[in-house]
Amino acid sequence: MNEIDNIIFRPAQLDDLDRIYSIEQLCNPNPWSRAGLSVELTKTSALFPVIENHQKLIIGFACSVLILNELHIFEAAVHPQYQNRGLGASLIKHLLSEAILVGADTALLEVRVSNHSAIRVYEKCGFKRDGLRKGYYQDGEDALLMSKTLN
């Protein structure tokens, strides 16, 4: 049995915020604030799944909102100890399936141009490169715009 066989996806709860924030701090060079994550988590339009391992420990999350028929993915992260096992792609595929169930037909995101591993995951999940936002991040790094048409 591999790592993916031993996980569950479930909607994030406010009680999960400390662990989500901890993962965000480990994975993002310019992490979201705890308050910012809390705001996104409590939006009625939020799709915010977490990955739990067999020990019920949150090991990843995705932060997104549905705006009309578009899923806007703001953040997705897997704890560094669990990366490179296919969990990121599983998380994104789960998120996209949930988005389809609530009426999304398109998924959109921005990702740092230097985040090659995330770009590979998104491309593995069927996202296409659409363009660049110059100087999008606070440190001046460009963002790659990506999208996927959902079935």
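Assorted remarks:
- Each DSSP beta bridge with both residues in the chain is either parallel or antiparallel, and the antiparallel ones are about 90%.
- Shape of the chain, Cα gyration tensor, a/c cut at 1.5: rounded
- With a 1.4 Å probe rolled over the protein heavy atoms of all chains, the accessible area of His116, His79 falls in the order His116, His79, largest first.
- Over region 24-76, accessible surface divided per residue gives 47 Å², non-protein components excluded, 1.4 Å probe.
- In this simple spin-label approximation, Lys124 and Gln13 carry label points 7 Å from Cα along the Cα→Cβ vector, and these lie 3.0 nm apart.
- 3J(HN,Hα) along region 6-18: 10, 10, 10, 10, 8, x, 5, 10, 4, 4, 7, 4, 4 Hz, from the Karplus curve 6.51 cos²θ - 1.76 cosθ + 1.60 with θ = phi - 60°, whole Hz, x for Gly and Pro.
- For region 1-134, the relative contact order is 21 percent, taking Cα pairs closer than 8 Å that sit 6 or more residues apart in sequence and dividing their mean separation by the residue count.
- Chain lengthening between Lys93 and Ser22 when straightened (0.36 nm per residue, less Cα-Cα): 23.3 nm
- Carbon/sulfur fraction of accessible area - region 18-151, other protein chains in place, 1.4 Å, %: 50 percent
The values are calculated or read from the model by the stated rules, or taken from the named source; none is laboratory data. Just so it is clear, the structure is predicted and the values come from calculations on it, not from any experiment. Positions of Cβ are generated from backbone atoms using ideal geometry, with glycine treated the same way; all protein chains shown enter the neighbour counts. For accessibility, only protein heavy atoms count, side chains too; no ligands or nucleic acids. Shrake-Rupley method; radii C 1.70, N 1.55, O 1.52, S 1.80 Å.
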